[in-house]
Amino acid sequence: MAKEKHSNSSALHEKDGVKDPDITNSGAINALKKRRQKQPDAKTLISEITKGSISALSRAITLVESSNPNHLEKANDVLKGCLPFANRSIRIGITGVPGVGKSTFIEALGTYLTEKDSKIAVLAIDPSSSISKGSILGDKTRMEDLVKTKNAFIRPSASGDSLGGVARKTRESILLCEAAGFDTIIIETVGVGQSETAVHSMVDFFLLLKLAGAGDELQGIKRGIIEMADAIVINKADGDNLKRAKMAKVEFNRALHLYPPKSSEWAPKVSLCSGLTKTGIAETYELIEDYISITKANNYFFEHRNEQNKFWLLQTIEDRIKSNFYSKPIIKEELNRQIGLIAENKTTPFAAADYLLKL
């Protein structure tokens, strides 16, 4: 019997695969891609945001976070259009050292509020690597129950090199979330011991989470952050840790008496809670409601927001001057030259800075 001839003797010969079915509509696929690529104009974004569209809100936040100069005008138009619908929420800042349970606490608080028919937006700030400049942005995985809740919106952002670990455009994101109908905005900071001035300057209520038995009770007393806190909440007050948490509460209460009265006429409180077991969450929010009632009655609430607007005006001017300075071609060129001269010990950093600023 004659051997059958093979057109290709290689074992790696590739046979013809299955052809695409005729029913594939390439025109529809291409049209879908074009729709996805097309960005809505400012007017459309504003209309959709004020109707509560999460997709439009996410797009707008991405727009205001963009460092592309071409996006600046459109971002400003969107913010201006949303402004009449903003300033209708309670803004809560939450900070604490890594591991204190910020995400678990926020999820418990957010769930409690959504069950009361509130709309919650969480602007979570993730630390950026100083080496790779990257960020994990894992808050949606840490708040896996809250993220599936209808009345909750979670937006993680990278901190970059901004003050206190606050994302560069968090302030604008707050306004956009308010325009989308969210009545409670929670801002979670990095909490790595940096200055918390930035987050304090954009919220109505500043909450500090602490741990009992972590050895930082007395250290915390010395920190300036205690002066900014409107409440100290000792988290993980459950199980074997409950006794230590009660002792820490006594220590912090003593410490708070050492500080002068606040201009808000509010005496900061210390409370216990457990984000894991959800105990103490309702009591914590009652503190926030009491604070809002007192400060609105004495007009501090509105005066504080006006001061915040002044702060962010000056901050924006400083950021814009810095950005404009470094974007100039002559500065880019001369900056590299001055760095080289410093390395060769031919000039000092101060003389180089003076030279660049005079340009």
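Every number in this text was worked out from the coordinates using simple rules, so none of it is lab data. The model shown is predicted, which means the values in this text are computed figures rather than measured ones. Here Cβ is always computed from backbone atoms with ideal geometry, including for glycine, and neighbour counts include all displayed protein chains.
Before moving on, here are some points about what is shown:
- Dividing the alpha-carbon radius of gyration of segment 310-358 by the rule-of-thumb value 2.2 N^0.38 Å gives 1.39.
- Were the residues from Glu283 through Asn299 laid out at 0.36 nm apart, the gain over their Cα-Cα distance would be 3.3 nm.
- Each of Glu48, Glu303 has some number of other Cβ atoms within 10 Å of its Cβ, and from fewest to most they run Glu303, Glu48.
- Förster-model FRET efficiency, 22 Å R0, Lys262 and Asn309, C-beta, rounded to 0.05: 0.65
- Between the C-alpha center of segment 57-111 and that of segment 243-307 there is a gap of 23 Å.
- Neighbour counts of C-beta atoms inside 10 Å place Val233, Val203 in the sequence Val203, Val233, starting with the fewest.
- Put in line by how crowded their Cβ is, counting other Cβ atoms within 10 Å and starting with the fewest, Trp266, Trp312 read Trp312, Trp266.
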